Amino acid sequence: KNQVEQSPQSLIILEGKNCTLQCNYTVSPFSNLRWYKQDTGRGPVSLTIMTFSENTKSNGRYTATLDADTKQSSLHITASQLSDSASYICVVSDRGSTLGRLYFGRGTQLTVWP
Amino acid sequence: EADIYQTPRYLVIGTGKKITLECSQTMGHDKMYWYQQDPGMELHLIHYSYGVNSTEKGDLSSESTVSRIRTEHFPLTLESARPSHTSQYLCASSEPRGDEKLFFGSGTQLSVL
């Protein structure tokens, strides 16, 4: 069964600290993996996309990694800010159709305290 | 910032009422989607469209219907709202190049009493 599991479910860190969010998937065949950030009361916004051949990709203070062999991805946030408080959602796409079926994780709720 | 808009942002309505959730995008995207999101749960696809006059049901069984008469407009209608329809509804669109990057609206939080 194609699934996307994220951990931890929630995380509280102090401003300025680093953190790492995990995403494990069983989706096959694999096309790409995206991390989205969803602020409270808003729709998700794409942070980064990882394809099969990519191991690491950075977007400012966000760095995503992908291990296609173990089917794991992580999102590392450096020097956290209060504005990083949000839900981070991992989404995996397969190649099963022209539409590209998407599998969503339940998200990690990150809270950054001052 | 995505140019995709949803109205209303919040809606509280009584059981049995007919409602329409509006979604418009100005990016010219052919693909559009409706997702349902409950707190702490993953997004579930309820409807999608490849373009004008194309509508398909998604993975989650839904009593709602959609229409796509214009590229930019993808409204969702509930003929008779029930408390079980209480949820966050997110509209999204994607570019035609196939990497499935979604652009989301801000959502409509629906409460059915």
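Given the convex hull over the Cα atoms of segment A:5-57, what projected area results after averaging over all orientations, in nm²? Each step should come with its number before you reach the end.
Values: hull surface 19.9 nm².
Averaged projected hull area, Cα only: 5.0 nm².
For chain B, what mean projected area does the convex hull of the alpha carbons give, in nm²? Can you show the working numbers first?
Working: hull surface 26.9 nm².
Projected area, direction-averaged: 6.7 nm².
Tell me the Kirkwood hydrodynamic radius of chain A in angstroms, computed as one over the mean inverse distance between distinct C-alpha pairs. Mind showing how you got there, number by number?
Working: mean 1/r = 0.0707 Å⁻¹.
For chain A, inverting the mean 1/r across all distinct Cα pairs yields 14.1 Å.
Pick from A:G41, A:G16, A:G60: which residue has the top mean-square fluctuation in a GNM of chain A where Cα pairs under 10 Å get a spring?
A:G41
Sorted by packing (mean other beta-carbon atoms within 10 Å per residue), highest first, where do B:8-17, B:40-49 land?
Ranked from most to least packed, the peptides come out as B:40-49, B:8-17.
To the nearest 100 Å², how much accessible surface do chains A and B cover up together, summed over both, with a 1.4 Å probe? Present the calculation step by step, with values, prior to reporting the outcome.
Details: alone 6520 and 6240 Å², together 10970 Å².
Summing both chains' loss of accessible area gives about 1800 Å².
Whole-Hz ³J(HN,Hα) for each residue in segment A:23-29, computed from phi via Karplus 6.51 cos²θ - 1.76 cosθ + 1.60 with θ = phi - 60°, x for glycine and proline: what do you get?
9, 10, 9, 10, 5, 8, x
Per-residue HN-Hα couplings for segment A:84-89, Karplus 6.51 cos²θ - 1.76 cosθ + 1.60 at θ = phi - 60°, whole Hz, x for Gly and Pro?
Working through the residues one at a time gives 6, 4, 4, 9, 10, 10 Hz.
With the full set of protein chains in place, find how many percent of the accessible area of the protein assembly as shown is carbon and sulfur; take the probe as 1.4 Å. Can you show the working numbers first?
Details: 5450 of 10970 Å².
The value for the protein assembly as shown is 50 percent carbon and sulfur by accessible area.
Relative contact order for chain B: what is it in percent, counting Cα pairs under 8 Å that are at least 6 residues apart?
On the way: 290 pairs, mean separation 41.1, N = 113.
Here the relative contact order equals 36 percent.
Which of A:L75, A:L102, A:A64 sits closest to the plus end of the dipole of segment A:48-114, meaning its Cα is farthest towards the positive end, when Lys and Arg get +1 and Asp and Glu get -1 on the C-beta?
So the residue we want is A:L102.
Principal axis extents for the protein assembly as shown, Cα atoms only, whole Å, descending order, please.
48, 40, 33
So for the pair B:S111, B:R97, with labels modelled 7 Å out along Cα→Cβ, what separation do we get in nm?
Each label point is offset 7 Å from its Cα along the Cβ direction, giving 4.2 nm.
From Cα pairs below 8 angstrom and at least 6 apart in sequence, can you work out the relative contact order of segment A:54-106, rounded to a whole percent? The partial results should precede the final answer.
Details: 56 pairs, mean separation 10.9, N = 53.
Relative contact order here is 21 percent.
Students often get this wrong: which residues of segment A:16-41 have the backbone nitrogen under 13 Å from the point 7 angstrom along Cα-to-C-beta of A:Q81?
A:16
For Cα pairs less than 8 Å apart in space and 6+ apart in sequence, what is the mean separation divided by the residue count of chain A, i.e. the relative contact order in percent? Walk me through the intermediate numbers first.
Working: 294 pairs, mean separation 41.9, N = 114.
It rounds to 37 percent for chain A.
Take the cross-link list A:K17/B:K31; A:K17/A:K57; A:K57/B:K57; A:K37/B:K18; A:K1/B:K57; A:K1/A:K37 and give me the ones stretching past 29 Å between alpha-carbons. List each step's numbers first, then the result.
Numbers: A:K17/B:K31 39 Å; A:K17/A:K57 20 Å; A:K57/B:K57 34 Å; A:K37/B:K18 32 Å; A:K1/B:K57 21 Å; A:K1/A:K37 25 Å.
Pairs exceeding 29 Å: A:K17/B:K31; A:K57/B:K57; A:K37/B:K18.
The values are calculated or read from the model by the stated rules, or taken from the named source; none is laboratory data. All figures in this text were calculated on a predicted structure; none of them were measured in a lab. No Cβ is skipped: glycine too gets one built from the backbone with ideal geometry, and neighbour counts run over all protein chains shown. Accessible surface areas use protein heavy atoms only, side chains included; no ligands, DNA or RNA. Shrake-Rupley method; radii C 1.70, N 1.55, O 1.52, S 1.80 Å.
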